[in-house]
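Every number in this text was worked out from the coordinates using simple rules, so none of it is lab data. Being a predicted model, the structure only gives us computed values, none of them experimental. Neighbour counts are summed over all protein chains in view; Cβ atoms, including those assigned to glycine, are modelled from backbone coordinates with ideal geometry.
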Amino acid sequence: MEASKTPPPGGPETPPEPGTGGPPAGRAGAGPRIAAVLLALPLAVICAVGIAVMADVGEKGVCEDVDLGRVSGLYECYDFPASVEPVVLGAGWIGSVLAGLAAILALAFAIRGRGGRLLLFATAAAAGFLVLSIVVAQL
C-alpha cells in the first residue's frame, strides 16, 4: 500500500491567496488601526498636560509649607497636605510618562498591526496612575 501525497481533510490550513482576504494572521485590520491613530492624539495631549502640571506642582509646592509671614503679595500654592505630595507627584509623573509611551505604542500599532494588548495595558496603567494622583490630591 502506498502513502498518499495529499494531506488528510481537516489538516493544516492553506494560507489565503494574496488580495482575497483580510490581513495576515496575527495582524489587526483597518478598523483597530484607525482607532489607534485616533487614540494617539489624546494620549499625547494627556502626556503633555500631565508633565506640565507635575512640573508646576513640584515647583510651587503645597500651601502647608509656606510661611505666610515671609511672603509678601500674592503667592500661589497647591492646597493638599504635604504628606501626600510624594504620592501625587510620583503617581502623576508615572501616569504622564505612561500616557506618552501609550501614544507611541498606538502609532506603532497603527503601522505594524501588532501589539494591541500592550497598548491597552499601557493606556489603562496611565489612566490608573493619573486617577490615583488626582484622587489623592483631592483628599
Quiz item: Could you give the semi-axes, largest first, of the ellipsoid that matches region 49-139, computed as the square roots of 5 times the alpha carbon gyration tensor eigenvalues and rounded to whole Å?
Solution: 35, 13, 7
Exercise. Report the local net charge at ARG33: Lys and Arg +1, Asp and Glu -1, summed over other residues whose C-beta lies under 13 Å from its C-beta.
Key: +3
Exercise. Please order VAL97, VAL57 by the number of other Cβ within 10 Å, starting at the fewest.
Key: VAL97, VAL57
Quiz prompt | Placed amide H near VAL62: partners under 5 Å, 5+ positions off or other chain | solution = TYR78
Quiz item: Among PHE121, VAL87, VAL49, which residue has its Cα positioned farthest towards the positive end of the charge dipole of region 30-138, with +1 placed on the Cβ of Lys and Arg, -1 on the Cβ of Asp and Glu, and the dipole taken about the Cα centre?
Solution: PHE121
Quiz item: Tell me, what HN-Hα J-couplings in whole Hz come from the Karplus equation 6.51 cos²θ - 1.76 cosθ + 1.60 at θ = phi - 60° for each residue of region 115-121, using x for Gly and Pro?
Solution: x, x, 5, 5, 4, 5, 5
